[in-house]
Structures are given as C-alpha cells and as structure tokens.
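Here is the structure we will look at.
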Amino acid sequence: MSQQFDEYMEGRFELYGTEYKLVEPENIDELMQAFDVKYALETHISGLMHDEDSSGYESLLQKQIDYIHEYVESLGEFESSTLANNIVYLAKKHGMRVGELENTIGVSAGYLSRTIKENSKKKMSIDIVWKIAQLFGTDIKTLTESEMWVAHTNTDLLERFLDRLYEDTRDNFFTWELDGGVMAMLSDRYKVMGLITEEEDETAVYHANHLNPDIKWVLAADIVFLERFEEKKDLVIIPYKSVEKNRLFGYDFIFVWEDDRRWCWEKIFYTSDTPFGSLQERAKKLYDEIEWLEFDAKLSPKVHQMISNYVKGGRPE
C-alpha cells in the first residue's frame, strides 16, 4: 500500500491550493500541459523570498524540463506548409515583418525566412514553434494543424478584407479619391441616389435604411472611394455619425457605378453588421490612414515602388 501511495504521489505537488502533477508528454496536448506545469513552477520559484528553500521546486522544475526535452527530441523538427502559412498570416495580422518576428523570438536573421519558404528543406524546431505560439496567444496544436489563415466566418473574411485594404493603402498600392461631403464638395451622385441630402448650412444628412430612423445621421467626414475596384464599380466608404450622440458612428462600404446614365449602388457591408466592434475598429484604422495620406505627397504606385527600390540601394533599369 505504501509503495502504491508513493507511486501515486510521485511528481505531484501543490501550489496555492491547486494540485499539479509532472507530465511526461506523449502527444501535443500533453506537451501543452507540460508547459503549463513548467510555467507554474517557474512563476512560483521566482516569487519565493530569498530565505525560502526552493530546492524542492527546482528539482521538480528540472524533472519537468527533462520530460519536455525527451518528447521534443522524439518529435525532431516540424516540416509543415500549414505551420509556415500560419506564421506568415499571424505576422501580417499583427503588423510584423518576418525579420521583426525573428528578432522578437531571438532567432538569427533569416532563420524563419529560410524555414517557411516554399519547398524549403529546412525544418523548424519545436522550441521555436512554442515561442511563436506563445507570442501570438495560440497553442502548438492550433499553430501546426489548423488553417488559421482561412476565414471560417463572414466576419473573419471581412476583417481580413479590411486588413488587406489597410496594408495596400499604407504601402501606396491604392490611390483613394474624395467624393466630399464635409471638407470637400459633395459629389452629386449621392444626392441623385437619395442617399444624402444637404441642408441650408450644407450639413450632409445621411439617409441609411439600415440605421435607426429616429436618429439624425450625418457625414462624419468626407466620403472616399477607389475608382473601378471591381470592374466598373467604385468601392466607396461613407463615414457617418449621430448628431445627438457622438459615440454613435460607423462606416458603410458600398459599390457605386453608372449604368445607362443612371447611378446605382449596392451594399458590400456595414460596420454595424457586427455587434462587437471588430469591423468598426479596422474601418476606423483604414479611414484614418486614408485621411493622413491626404496630406502626404502624391505618388503613383509605380513611381512609389521605383523610388522605394532606389532608396534601398537598387538602380533604375
């Protein structure tokens, strides 16, 4: 009985009323549990006073580290296009370049670039995979097995659409144009379509059938658009707000085009479509970038790319 009890208690310990057990991982899920135990021990040891004996906990920590290393060695290294695509997606999502990610997790310059390159023969160690998972708030299983870059809901898809628009705007791939309404003169096409009317003081009132009709909505800033984003259709952003309550605002994304001398429009999406604000935050970030670029020197995407290459050390062809 005593031997059975000793075997049961081996590797078990308690921290702040919570019972833990050292984990000898045999799969990815158990590896995650092992890392959790390791982290709990490290946190506890770092919080001990200088005169408190930590040797017992350090012994447990070392044993847990050994278990992790044994499993890691059995895995070897990861070779996965899923992993590579996820790393690229997460880096872009957080506005990081691969070189910045390498610096953040403490690997040599070019390590990730070479590893995630298509058809690369280099493999990534699980230690690096773990660091990347921790950095981006995910886990190893998700990072190596799930297609995180694939939009699984309409909201996911729209978030990525806005992220891409922001990136291409920031990198000068797009040139947004003004249709006015606040600082600039309002284009007549919105009046013709019945979307906007102007009052005597030139306040642009927005008549959106998806918004509360008991609230007066006006343009919060100038309407902007990308010409012929989809064939003959312009992609238009309409920023609006409530006259009475400044905290009520949003962005409507619509297509506008001319058909047989008649102006037409259709909904792409509205930031009010989701109740949690993820679309609104991204749309605001995009619009703020567009506004800021209004005061920047104007360069065509082609000229911008040519000058960028030259500044980086290239030579005109």
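The values are calculated or read from the model by the stated rules, or taken from the named source; none is laboratory data. The structure presented is a predicted model; accordingly, all values stated were derived computationally and were not measured. As a convention, Cβ positions derive from the backbone with ideal geometry for all residues, glycine included, and neighbour counts pool all protein chains shown.
A few remarks follow.
- Any chance Met183 is among the aliphatic types (A, V, I, L, M), under 29 Å from Val107 (Cβ atoms) and assigned to a loop (DSSP other than H, G, I, E, B): no
- Residue selected from segment 152-183 under the condition surrounded by 14 or more Cβ atoms within 10 Å (Cβ to Cβ) and among the aliphatic types (A, V, I, L, M), by the criterion farthest from the chain's Cα centre (by Cα): Val182
- Extreme residue, nearest to Phe249 (Cα to Cα), among residues of segment 284-311 that are of a type in the set (Lys, Arg) and part of a helix (DSSP H, G or I): Lys284
- Glu230 being assigned by TED's automatic domain parsing to the domain that holds Asp179, more than 15 Å from Ala283 (Cβ to Cβ), charged (D, E, K, R) and in contact (Cβ under 8 Å) with a residue 24 or more places away in the chain: yes
- Checking Arg282 against (1) basic (Lys, Arg); (2) out of contact with any strand residue (DSSP E or B) (no Cβ under 9 Å at 6 or more places or on another chain); (3) within 24 Å of Lys191 (Cα to Cα); (4) surrounded by 11 or more Cβ atoms within 10 Å (Cβ to Cβ), the condition it does not meet: (3)
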